[in-house]
1. Highest mean first, what order results for 83-92, 7-16, 43-52, 120-129 on Cβ atoms within 10 Å?
2. Per the 1.4 Å probe, what fraction of the accessible area of segment 1-51, in percent, lies on carbon and sulfur atoms?
3. With labels modelled as points extended 7 Å from the Cα through the Cβ direction, what inter-label distance (nm, one decimal) is found for Ser39 paired with Gln113?
4. Mind checking which lysines have their Cα closer than 19 Å to the Cα of Lys105? Skip sequence neighbours fewer than 8 apart in that chain.
5. Label-point separation (nm) for Thr70 and Arg98, each offset 7 Å from Cα along Cα-to-Cβ?
6. Give me the extension gain from Gln90 to Ile12: residue separation times 0.36 nm, minus the current Cα-Cα distance, reported in nm with one decimal.
Amino acid sequence: AGVEAPSGIEGISVTPVLDGQAATVALPDYFVAETFWRSADKIAAYANDWKYFHNRSGQAGLPPEELQPTGAGEQGIATSQHAAQPTVLQPMKEYLARWEADHPKTPATPQDQELPEDVQRQLEAIGYLGNEPGEV
């Protein structure tokens with residue numbers, strides 16, 4: 001976006017990689033993604049060849065963990081390789097455990113805290129407040 005990063009932010013620019021150039025610094029072995037929204041509580045580690053998902057919320061129909069090769073499109077939970085690939089799975093699980101220990105969750109804003117009316121309307125308009133999953 002061409003915007004200077006604020007001071008105190010950890011990380012490296014991956015812009016050269018996105019532009020098709022070689023990375024000028026060593027990229028991490030894994031990238032992490034988390035989801036905490038409504039009833040979802042998931043974390044994932046992405047590597048060059050594999051992606052590992054840990055479903056911590058116990059959502060119905062989803063297994064606790066899933067391991068899939070990357071680049072093969074969405075394979076679905078029925079084709080998870082977590083049982084067949086323990087030498088791939090274990091380092092990813094250990095990495096996520098260390099990552100979570102080093103990056104604890106920020107406490108949520110108390111539910112009883114009042115939001116300014118304009119902020120509340122904006123959050124409702126984009127689906128973050130108001131309807132629960134399945135409600136219209």
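The values are calculated or read from the model by the stated rules, or taken from the named source; none is laboratory data. Just so we're clear, the structure is a prediction, and the values are computed from it rather than from any experiment. Here the Cβ is made from the backbone with ideal geometry for all residues, glycine too, and neighbour counts use every protein chain on show. Ligands, DNA and RNA are excluded from the accessible area calculation, which covers all protein heavy atoms including side chains. Shrake-Rupley method; radii C 1.70, N 1.55, O 1.52, S 1.80 Å.
1. In decreasing order of mean packing, 83-92, 7-16, 43-52, 120-129 become 43-52, 83-92, 120-129, 7-16.
2. Taking all protein chains in place, segment 1-51 shows 53 percent carbon and sulfur surface.
3. In this crude label model, Ser39 to Gln113 measures out at 2.7 nm.
4. List returned: Lys42, Lys93.
5. Roughly 1.8 nm, to one decimal.
6. Numbers: separation 78, 0.36 × 78 = 28.08 nm, distance 2.63 nm.
Value of the extension gain: 25.5 nm.
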